[in-house]
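Structure first, then comments.
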Amino acid sequence: MRAAGQVDPPSNVQEQRVRRTAAGIAGLSVIAGTLFAGGAMAGVVPDPVVDGPGPVSLSPLGSYETGVFEESAAEIVAWHLQSKRLLVVNAADATVEVLDGKNPRKPRKLFNLDTAGVKSADGSRVPDTAVANSVAVRADGLGVVAVEASPKTDRGWLVFFDAKSKGKKRGKVFGAVRVGAQPDMVTLTPDGTRAVVANEGEPAEDYSVDPQGSIAVVTLPKKMKAPRQKAVRTAGFGAYEGARLPKGVRIFGGREDAGTGTPAKPVSENLEPEYVAVDAASKRAYVTLQEANAIAVVNLRKARVTKIFGLGTVDQRKVKLDASDRDGRINRRTWPVEAFRLPDAIATFQVGRRTYLVTADEGDSRDWEGYSEEVRVKDLGEDGLAPVCESVAAEAGMSVAELQEDENLGRYKITVSAGLRADGSCYDQLHGFGGRGFSIWTPQGKLVSSSKDGFEAVTARAMPESFNSDHAETEFDARSDDKGPEPEGVTVGKVGKKTYVFTSLERVGGVMIHDVTRPAKPKFVRYVNNRDFAHSGAEGLASAGDLGPEGITFVPRKDSPLKRPMVVIGNEVSGTTTFFRVDLLR
């Protein structure tokens, strides 16, 4: 007898037949006449995966294709209302591509913004080896690009340009300012007065250098021009060194564990800001500290970190997951594991007068040449690692040897940085990477709700033959041992009178839509995946659709050329940027 949550392996991935709920098919038929008339269009697959009852769905309209596979040719996206242009970070070419989005069914490239050679206010110049990481744009067209130095451990830049420039002046650059090491994400306050930058400060591969993480707060001029260097203020983490660090914030690894030095400020070096969301009402920014499993709160007026709070774990004893890529089936069940959420993207939203945060709980680890926290459960007890405690295996109703078999928990990736018994004899707690969903928080750090095991439950139903596939290749169950669908991006928008969270899944692809009008009780609405799993790898790129969604943005109805809301996604593996219409199904 098959256990609950188990599905037999697929017979043939290439002959996949996507299963949908009856409501899903009915909803798709509403839009099929306009979407698929005349056959498939470039970047839009003829039969996207659709699952869920509605009432909101996404229709892929058109896609801009770079033709570059698995080189991060489309990452972060930013929409400019006045010019109807989309700014797309193309890390493969170290540029920002400016697309004409007046007709979302046929987006076309206008020009590239090349940051190389731009002179900074501090006297430096952006070198040819620099990498564009993120982009944002103000209402008047002032574009801002976060640029990483080479090596990444050096300080980076913000480059300012005219996003609505035309003719001979198109791509006009105003200048740059210097910020911290590895500026990974930039956003603007809603009033356009400040740019806020997450300076991630990752270590060198060998941990010879590990710069301090920080958040830059840059006061922007009212006119279209670059600010002066003195407009840059930096919020660091020096106030949280030692015993002042709140409990639940992961501080581990670093140069001391790598054997390359003893930092004077280990917390500041350890914390790596990843993503920023701004709350206009409070004039605060909320910054994910991904590897630390925490969020920093930044007072923008003072450019100061005022609070850090840890995000806890997902108790996989209560929340199901598929933990093995070697069992030949979908096997969603509980295990004696606590998974760190480790979020990537974060967004804020308001319901009534209350502010909430939502995080995409991707699960990123430290895995460098000089230090790695990653091991598989079956590695414990080998090569000098402490074994699994028998009490852990007993929770699963198994012996330690059975627990560590590939088809059970043996392939599942955990961290060695936590869970070791105080006497060092064995691991009495197993900590995995990633919550495999989203979480909703109060600004004070209280967990309000989460998607629990919903993402894997939906994808198992919607596309069982490609469940937990990777992004570059179609392969059944390939990611079950390692973060599953891997939520990457998150954005929030209002459709009608309700508020929805849109979460992109980096590995298997697609977007999950949830109604969060009642934040304590999020409701699954729809899953849409513009991907054809019959086509795989670089050879199938032209027909595969969207692979590896990275940046996602919501365009409200009033800002959309369609006069209906849109969602736009940059896909780093397929190098495509795809426009989706948001449909309110009747």
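The values are calculated or read from the model by the stated rules, or taken from the named source; none is laboratory data. Worth saying up front: this structure is predicted, and the values here are computed from it rather than measured. In this analysis, Cβ positions are derived from the backbone assuming ideal geometry, glycine residues included, and neighbour counts consider all displayed protein chains. Side chains included, ligands, DNA and RNA excluded: accessible areas come from the protein's heavy atoms. Shrake-Rupley method; radii C 1.70, N 1.55, O 1.52, S 1.80 Å.
Using only the heavy atoms of the protein chains and a 1.4 Å probe, how would Leu385, Leu585 rank by accessible area, largest first? Could the numbers behind the result be given before it?
Details: Leu385 55, Leu585 30 Å².
Sorted descending by solvent-accessible area, the residues read Leu385, Leu585.
Could you give log10 I(q)/I(0) at q = 0.14, 0.18, 0.22 Å⁻¹ for segment 284-354, computed by the Debye formula over C-alpha point scatterers of equal weight, without solvent?
Debye output, listed in q order: -0.64, -0.83, -0.99.
Convert each backbone phi in segment 531-538 into a coupling constant with the Karplus relation 6.51 cos²θ - 1.76 cosθ + 1.60 (shift: θ = phi - 60°), then list the ³J(HN,Hα) values in order as whole Hz, x for Gly and Pro.
Ordered by residue, 3J(HN,Hα) equals 9, 10, 6, 6, 10, 9, x, 4 Hz.
When each pair of different Cα atoms in segment 34-143 is counted once in the 1/r mean, what is the Kirkwood radius in angstroms, to one decimal? Don't jump to the answer; show the numbers that get you there.
Values: mean 1/r = 0.0621 Å⁻¹.
About 16.1 Å, per the Kirkwood formula over Cα pairs.
Excluding same-chain pairs closer than 8 in sequence, count the lysine pairs in segment 239-358 whose Cα atoms lie under 27 Å apart.
10
For segment 468-477, in order, what is each residue's ³J(HN,Hα) by Karplus, 6.51 cos²θ - 1.76 cosθ + 1.60 with θ = phi - 60°, in whole Hz (x at glycine and Pro)?
With coefficients 6.51, -1.76 and 1.60, one gets 6, 5, 7, 8, 7, 10, 7, 8, 4, 6 Hz.
Of Lys109/Lys168; Lys84/Lys169; Lys494/Lys563; Lys225/Lys558; Lys109/Lys169; Lys452/Lys521, which ones are farther than 21 Å apart at the Cα?
Lys225/Lys558
So how much slack lies between Lys222 and Ala281, counting 0.36 nm per residue of separation and subtracting their Cα-Cα distance, in nm? List each step's numbers first, then the result.
Numbers: separation 59, 0.36 × 59 = 21.24 nm, distance 2.06 nm.
So the chain would gain 19.2 nm between Lys222 and Ala281.
Within segment 475-508, find all residues whose amide N lies under 11 Å from a label point positioned 7 Å from the Cα of Leu584 along Cα-to-beta-carbon.
What the label zone holds, given the 11 Å backbone N cut-off, is 494-499.
Taking the Cα centre as origin and putting +1 on Lys and Arg beta-carbons and -1 on Asp and Glu beta-carbons, what dipole magnitude results for segment 151-212, to the nearest 20 debye? Could you put the intermediate results ahead of the total?
Values: 10 positive and 9 negative charges, 185 e Å.
That gives segment 151-212 a dipole magnitude of about 880 debye.
Give the value in nm², to one decimal: projected area of the alpha carbon convex hull of segment 140-198, averaged over all directions. Could the numbers behind the result be given before it?
On the way: hull surface 17.3 nm².
Computing the convex hull of the Cα atoms and averaging its projections yields 4.3 nm².
Round to a whole angstrom and tell me the spacing of the C-alpha centers of segment 474-508 and segment 80-117.
A separation of 24 Å, based on Cα centres.
Figure the gain on full extension for Ala264 and Asn103 (residue separation times 0.36 nm, minus the Cα-Cα span) and round it to one decimal in nm.
Working: separation 161, 0.36 × 161 = 57.96 nm, distance 5.41 nm.
Length gained, Ala264 through Asn103: 52.5 nm.
Need one number: nm distance between label points at Lys318 and Glu71, each 7 Å from Cα along Cα→Cβ, rounded to one decimal.
Between Lys318 and Glu71, the label points sit 4.8 nm apart.
Would you work out what percent of the accessible area of the chain, with all protein chains in place, is carbon or sulfur (probe 1.4 Å)? Before the final figure, lay out the partial values.
Details: 10490 of 22440 Å².
Using a 1.4 Å probe with all protein chains present, the chain comes out at 47 percent carbon and sulfur.
Using a simple spin-label model with points 7 Å from Cα along the Cα→Cβ vector, what separation in nm is obtained for Asn299 and Ser150?
Label at Asn299, label at Ser150, 4.1 nm between them.
Under a straight-distance cross-link criterion of Cα-Cα below 17 Å, which aspartates and glutamates are reachable from Lys166, leaving out those fewer than 8 residues away in the same chain?
Glu97, Asp100, Asp114, Asp140
Towards the positive end of the charge dipole of the chain, with charges on Cβ (+1 Lys, Arg; -1 Asp, Glu), say which of Val358, Leu220, Gly370 has the farthest Cα.
Checking the options against the dipole of the chain, the answer is Leu220.
Across 10 Å bins from the origin, how do the percents of Cα pairs in the chain run, short distances first?
4, 18, 29, 28, 17, 5, 1, 0
Taking loop as defined by DSSP and a crowding limit of 11 other beta carbons within 10 Å, which trypsin sites (Lys or Arg not before Pro) in segment 508-569 fit? If you can, show how the numbers build up before the last one.
Numbers: sites: Lys523, Arg526, Arg531, Arg557, Lys558, Lys563; in loops: Lys563.
For trypsin sites (Lys or Arg not before Pro) across segment 508-569 that sit outside H, G, I, E and B with at most 11 neighbouring Cβ atoms in 10 Å, the list reads Lys563.
Could you list which residues have their amide H under 5 Å from that of Thr474, counting only those 5 or more apart in sequence or on another chain, with H placed in the peptide plane?
Amide H neighbours of Thr474: Gly537.
Under the rule of -39500 (n - 2.57) per DSSP H run of 4 or more residues, summed and divided by the residues of the chain, what mean residue ellipticity at 222 nm is obtained, to the nearest 500 deg cm²/dmol? If you can, show how the numbers build up before the last one.
Values: 7 runs with 47 residues, N = 586.
The per-residue figure over the chain is -2000 deg cm²/dmol.
May I ask you to derive the relative contact order of the chain, considering only C-alpha pairs under 8 Å and at least 6 residues apart, and to give it as an integer percent? Please list the in-between numbers first.
Numbers: 1717 pairs, mean separation 96.1, N = 586.
About 16 percent, as a whole number.
Relative to the present Cα-Cα distance, how much length would full extension add between Asp383 and Thr193 at 0.36 nm per residue of separation? Let's see the in-between values first.
Working: separation 190, 0.36 × 190 = 68.40 nm, distance 5.43 nm.
Fully extending the segment from Asp383 to Thr193 adds 63.0 nm.
Might you work out the accessible area of Asp364 for me, using a 1.4 Å probe with all protein chains in place, and round it to the nearest 10 Å²?
So the heavy atoms of Asp364 present about 50 Å² to solvent.
At a Förster radius of 30 Å, what calculated FRET efficiency corresponds to the Cβ-Cβ distance of Gln429 and Ala520, to the nearest 0.05?
On the way: r = 28 Å, r/R0 = 0.95.
Plugging the Cβ-Cβ distance into 1/(1 + (r/R0)^6) gives 0.60.
When the Cα centres of segment 309-323 and segment 234-302 are compared, how far apart do they sit, in Å?
If you average the Cα positions of each part, the centres end up 23 Å apart.
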